[in-house]
Structure formats: C-alpha cells, structure tokens
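Asks: Questions regarding the structure given below will be posed in turn.
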Amino acid sequence: MASPMRSLLTDLSRYVRCFHVFLAKSTEHQTMKQFVEQQLPGLLASTGSGKSAFNILSVGGGAGP
C-alpha cells in the first residue's frame, strides 16, 4: 500500500519550505551551533593535549544504505 504522504525528494521547493518551517520550530541547529562554538573548543583542547591533528571515527554519522 502506497504512503499517503508525498516525498519531499521529488519537489525541491517544497523541501526547502518544509526545512524552513523545521528551522523556525526547532532549536536543534541553534543548540548544535552553541555547542560547537562554546563547548567543543575546550573539549578538543583538553582531549588533544597540544597535538596538531585530531582523528575522528564516526559510526552511524551518514545516511548509509
């Protein structure tokens, strides 16, 4: 049975409108921005111990199949 909801992937302008509604209603992006600007630098500095490179392994960080 087909889903009654239309896919956002087939209509870019609708996707953009929906994404803007999401941004207006959600604090996710603002929260992540605050974390990256305020918390992450201190965490990286304390974890990196003065190293010039910091390797990161991401598990489940992408869309994946």
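Asks: Is one or more of the residues making up segment 38-45 modelled with pLDDT under 85, out of contact with any Leu (no Cβ under 6 Å at 6 or more places or on another chain) and loosely packed, with under 10 Cβ neighbours inside 10 Å?
Replies: No, that holds for no residue.
The rows are residues; the columns are (1) aliphatic (A, V, I, L, M); (2) at pLDDT 85 or above.
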position: 1; (1), (2): yes, no
position: 13; (1), (2): no, yes
position: 18; (1), (2): no, yes
position: 24; (1), (2): yes, yes
position: 27; (1), (2): no, yes
position: 33; (1), (2): no, yes
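The values are calculated or read from the model by the stated rules, or taken from the named source; none is laboratory data. It should be emphasised that the depicted structure is a prediction, and the values quoted were computed from it without experimental measurement. Every residue, glycine as well, gets a Cβ built from its backbone with ideal geometry; the counts of neighbours run over all protein chains shown.
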